[in-house]
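Take a look at the structure below.
The values are calculated or read from the model by the stated rules, or taken from the named source; none is laboratory data. Computed from a predicted model, the values in this text were never measured in an experiment. Heads up, the Cβs are rebuilt from the backbone with ideal geometry, glycines too, and the neighbour counts pull from every protein chain shown.
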Amino acid sequence: MTDHKDTSLPFEISDASEQKLWQALGDLPRAEPSADLCRRFYEQLEKADRPSLGARIRGWLGLSNNTGWVTATACLLMGFAVAQLSVESDTMQPDRLIALEENIALLNRELVLDRLKNDAPGTRLLGIHNASYLVQDDQEIVQALLVRATEDRSPSVRSAAIDALGPQLSSAAVGDELMNLLESVESPIVQLALVDLVLRNGNQQQLDQLLRLGNEERLHPDLIRHVNKSLGRESI
């Protein structure tokens, strides 16, 4: 009679010596991994969950998406243009020098607008800092800052954009937008930025509106006291 194998077992059922060998192997003590081996295993597991160094660097530079590569390209072109300007400024004809300076300014402007739209809050903050130098002369920059001031998901970014718009508070388009925002915003951080903006740059009508909001207790209590102190009033 032919012996049959049980495919679930690693030995011949009918072979007693093999059975004895595998039973003996099963009785051997199983070594536990050392503490050092476990530590290295969890270290490697933790590293696997982290973004790679290259990914982190791309995030810092804003290169994690197509918009970031536009930023990098603009920086590279600006670098070439500035280098050319520094080398040729002594010998270049005035009209060519002016054209090159205009190109650099245009690249810088596009870089700022690109940063204001970046996914990373830190990059948007950098864009706001750069935009603050252009806000008096460029309406597209002003509108981009208004978007950040009214719609950005980060209160810190919104506050920075509000502060950058200070010189434009007297213009109807910007002033009306920011005062409407003050009527509705709930974030104390954003409220503080708006209140300080009005106290520094606001006209009498905007100050009156600020006082009314304080009277109606629609500002954070600390901000009401801040307004009182700034305006030298005991109550509003």
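Inspect segment 224-236 for any residue being outside any helix (DSSP H, G or I), small (Gly, Ala, Ser) and within 30 Å of Ile141 (Cα to Cα) and give the result as yes or no. Checked segment 224-236: no residue is outside any helix (DSSP H, G or I), small (Gly, Ala, Ser) and within 30 Å of Ile141 (Cα to Cα).
Using the structure shown, decide if Asp208 is more than 29 Å from the chain's Cα centre (by Cα), acidic (Asp, Glu) and part of a helix (DSSP H, G or I).
Values: more than 29 Å from the chain's Cα centre (by Cα): yes; acidic (Asp, Glu): yes; part of a helix (DSSP H, G or I): yes.
Yes.
Filtering segment 141-157 down to residues that are within 11 Å of the chain's Cα centre (by Cα) and in a helix (DSSP H, G or I), which residue is nearest to Pro188 (Cα to Cα)? The residue in question is Ser156.
Residues to consider are Arg233, Arg225, Arg218; find the one that is of a type in the set (Lys, Arg) and under 21 Å from Gly175 (Cβ atoms).
Working: Arg233 fails: under 21 Å from Gly175 (Cβ atoms); Arg225 fails: under 21 Å from Gly175 (Cβ atoms).
Going through Arg233, Arg225, Arg218 in turn, the sole match is Arg218.
Taking the criterion of being in contact with a helix residue (DSSP H, G or I) (Cβ under 6 Å, 6 or more places away or on another chain) and either modelled with pLDDT under 90 or buried (at least 19 other Cβ atoms within 10 Å of the Cβ) (or both), the residues of segment 192-219 that qualify are Ala193, Leu194, Val195, Leu197, Val198, Gln206, Leu210, Gly214, Leu219. All told, Pro167 meets the bar of being modelled with pLDDT under 90, surrounded by fewer than 17 Cβ atoms within 10 Å (Cβ to Cβ), touching a helix residue (DSSP H, G or I) at 6+ places or on another chain (Cβ under 9 Å) and not hydroxyl-bearing (Ser, Thr, Tyr). The residues of segment 165-179 that are in a helix (DSSP H, G or I) and over 19 Å from Glu217 (Cβ atoms), listed by number, are Gly166, Pro167, Gln168, Ala172, Ala173, Val174, Gly175, Asp176, Glu177, Leu178.
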